[in-house]
1. Does the stretch B:90-118 hold any residues that are under 30 Å from residue B:173 (Cα atoms) and away from every other protein chain (no Cβ under 14 Å), and which are they?
2. Got at least one residue in the stretch B:182-202 being outside any helix (DSSP H, G or I), modelled with pLDDT of 90 or more and farther than 19 Å from residue B:25 by Cα?
3. Could you list, in sequence order, all residues of the stretch B:122-139 that are under 23 Å from residue A:329 (Cβ atoms) and more than 14 Å from every other protein chain (Cβ to nearest Cβ)?
4. Any idea which of (1) within 25 Å of residue B:16 (Cβ to Cβ); (2) within 14 Å of chain A (Cβ to nearest Cβ); (3) in contact (Cβ under 8 Å) with a residue 12 or more places away in the chain is the one residue B:52 doesn't satisfy?
5. So residue B:188 fits all but one of (1) touching a residue at least 60 places away in the same chain (Cβ under 8 Å); (2) closer than 27 Å to residue B:154 by Cα; (3) more than 19 Å from the chain's Cα centre (by Cα); what number is the exception?
6. Which of the residues spanning the stretch A:329-348 are more than 7 Å from every other protein chain (Cβ to nearest Cβ) and either under 13 Å from residue B:72 (Cβ atoms) or without any contact (Cβ under 8 Å) to a residue 12 or more places away in the chain (or both)?
7. Does residue B:166 qualify as being within 21 Å of residue A:314 (Cα to Cα), in contact with a strand residue (DSSP E or B) (Cβ under 7 Å, 6 or more places away or on another chain) and more than 14 Å from every other protein chain (Cβ to nearest Cβ)?
8. Does residue A:351 satisfy the criteria of being in a helix (DSSP H, G or I), more than 9 Å from chain B (Cβ to nearest Cβ) and touching a residue at least 40 places away in the same chain (Cβ under 8 Å)?
């Protein structure tokens, strides 16, 4: 295997295990070849769903809205040299190793004090998105992932900036999506990640410096799925805050794994970290919730909670005693668990309608 | 509406709890069931609503002459039966108003304005805070709020016959009076009602024109009578009613 090291000065030997992604500041990502959807097919999807996109790409071709405001967009064929060159331009803040079969680089940057919102429809494989918000800038990225996909996001939030990243899977096909982020002092990152694929893997790492704040919000709905998500937030500076919330619904024999990790390093005093993971299995589906916390500092607030269970029969009966059918009762309980997560997405109405119809299908409503 | 319980025997986890209950409740009637702990009061309520865990061994439950034993809980609710839970279930993330809207729709009413109107009237009648309807169902409610929220559901959903399992437990005297008044009003508007209670204090808040007090002991109604029966229990306890 061939790797690109886009972190200046980092030259470590990579571990052999394909899933062992985090070795301190390095990330190893394995990508598989997959079918590339046609741009026409993706445009039709956008039309049918009445969704307007600023960028549509299948990893090879790009359609870019020329009216994009306040953000600079660059598309590059990625070659080793360019990746190395890029690291200099991006101030060497990125933390990832990416495999050589990354073909295209989409660079999005917002200059100091500017604000930009972009909605992207992305599919295929081999796409690296590097998004950068300069000091006190605001960047909101919505990524709708189409068909089979393998996409990597590298995010850099400079001092006092705010970045939002919503990732919405549009099909039950295979997905490998990863994001890495570095949050400078007083910057903020909100990530909302929706997974519903037959097979999906998401490995994510965030490094937060002083007074940074990260909120991760994951929704997973599995139907005969194998979904594996792991988030790691590494607080490196004082008063860094992290909130990791995940909820999963498993059905039709799904296997879902949620590993939420938070690590507070020495010097990150007065930091705060909260992990909350919930799962409801509708049948013999397996849901694994593994929160993990580590702290090298004394003066911190850290808490975690994880609960996985079948849907409460007591709650179903209570709702049924008010005339609500069994399947509607189940749906009401599941939506009750998911609703607060859904509302955090920018396109929450679209997502709510989608999840509503997915639950109808799962529950036979 | 006529609810009839005929020679009902029921068990929980293989243990016989109800031993031949006979009871008839018509629209506009009030029936108070009293009895010592473990006499089968809550099991009777659960059996009427068809909740899990209660196995009917013998006998029948009929609504307007038709057996409901084969009906699911939601189907029984659609016939007009309502159970006020002794310990209401907390449901995270589902707002009380959304829950009421779903229940009202399921029972055939879908006018949101009408729903809001009856919720507001109910809240006022029960001296509740309007904040309650924005909160998740029963989550973070105080004991009193939970009891009142159950009665609020009864007022909004307007059942034909309500089974109220200890609506007064854990309430202060003012709250008991308010709930008693709301129950009496519903009964005078034609709702049939079974009130399960340990205490006589709610009886003083209920209008008792068509009321009957039943004493349940060891899974069987051992005596029925007027308000004086409850007063006797208050003075003497259940000892004279408990049959070996």
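1. Across the stretch B:90-118, the qualifying residues are B:116, B:117, B:118.
2. No.
3. Once the filter is applied, which keeps residues that are under 23 Å from residue A:329 (Cβ atoms) and more than 14 Å from every other protein chain (Cβ to nearest Cβ), the stretch B:122-139 yields B:122, B:132, B:133.
4. Here residue B:52 meets the rest and fails (3).
5. The number of the failed condition is (3).
6. Across the stretch A:329-348, the qualifying residues are A:329, A:343, A:348.
7. Here the answer is yes, as residue B:166 does meet what is asked.
8. Yes, satisfied.
The values are calculated or read from the model by the stated rules, or taken from the named source; none is laboratory data. Computed from a predicted structure; not experimentally measured. Please note: Cβ atoms are built from the backbone with ideal geometry, for glycine as well, and neighbour counts cover all protein chains shown.
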